[in-house]
Amino acid sequence: MAELPQAVRGFWVTFSTMFKKVVTEQYPEDADKYPTQPRFHGRHQLNRWADGLEKCVGCELCAWACPADAIYVQGASNTEEERFSPGERYGLVYQINYARCIFCGLCIEACPTRALTMTNEFELADNNRADLIYEKKDLLGPLLAGMIPAPHAMVEGTTEQDYYANRVTGPGTVNREAKS
């Protein structure tokens, strides 16, 4: 008989929640009503330097750090005729499989050049699994004003260390007073 009040109390919790109003977000109609937080982990983006060269150096550290094995990177060597990044190498092939990605952000932490970041874009659903594999062209950030699409030479008179120290502020411009 001592167990009866415990059982009744358990049923009372269930019974009382049956009459509470259900809170449902009307997605996608009210999607703008609830913006994501700045720290939200959404779609990945490959970033560029201020002159338009790609930040990815094809080191494959992001692929090694991914616990879901969702990233594939194939690096290639830059040449003076075709330069995609300021370093010796660049990411020739860059793929992220969003059917496997768990949005943990470990790839972001592993990237030594901050080439890979995450945006707030979260609408990635598709009805075809092949369309969930994003290629390099889908992941590259947009060309901003003053940027030149790669391949092109580094800014005249600079080295790759000038890029990594954020001294290159645009095509043909270098800020020598920037801290190293």
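Just so you know, all these numbers are worked out from the coordinates, no wet-lab data involved. Model, not experiment: these values are computed from the prediction. Because the Cβ atoms are built from the backbone with ideal geometry, glycine has one as well, and the counts that use them run over all protein chains shown.
Assorted remarks:
- Note on segment 38-113: Kirkwood radius taken over Cα pairs, Stokes-Einstein applied at 20 °C and 1.002 mPa s, translational D equal to 164 µm² s⁻¹.
- Entry note: segment 1-87 has Rg to Rh equal to 1.38, where both radii use alpha-carbon atoms and Rh is the Kirkwood radius.
- Förster radius 35 Å - calculated FRET efficiency between Q161 and Q74 (Cβ-Cβ, nearest 0.05): 0.85
- Against the chain, whose longest principal axis comes from its Cα atoms, helix 4-17 is set at around 60 degrees.
- For segment 98-154, the fraction of alpha-carbon pairs in successive 5 Å shells from zero, as %: 4, 12, 19, 25, 17, 13, 8, 2, 0
- Bridge type composition, the chain - antiparallel percent by DSSP, nearest 5: 95
- Per-peptide packing, taken as the mean over residues of other Cβ atoms within 10 Å, places 61-72, 40-51 in the sequence 40-51, 61-72 from highest down.
- Overall dimensions of segment 1-43, expressed as equivalent-ellipsoid semi-axes from the Cα gyration tensor (√(5λ), whole Å, largest first), are 41, 15, 6.
- Panel order for Y90, Y163, Y34, Y134, by other beta carbons found within 10 Å of each beta carbon, from fewest to most: Y34, Y134, Y163, Y90.
- Relative contact order of the chain, defined on C-alpha pairs under 8 angstrom at six or more residues apart (%): 26
- Packing order of peptides 27-33, 79-85, 121-127, 107-113, highest average first: 107-113, 79-85, 121-127, 27-33 (average count of other Cβ atoms within 10 Å over each peptide's residues).
- Shape summary of the chain, radius of gyration then Dmax from alpha carbon positions: 23.9, 88 Å.
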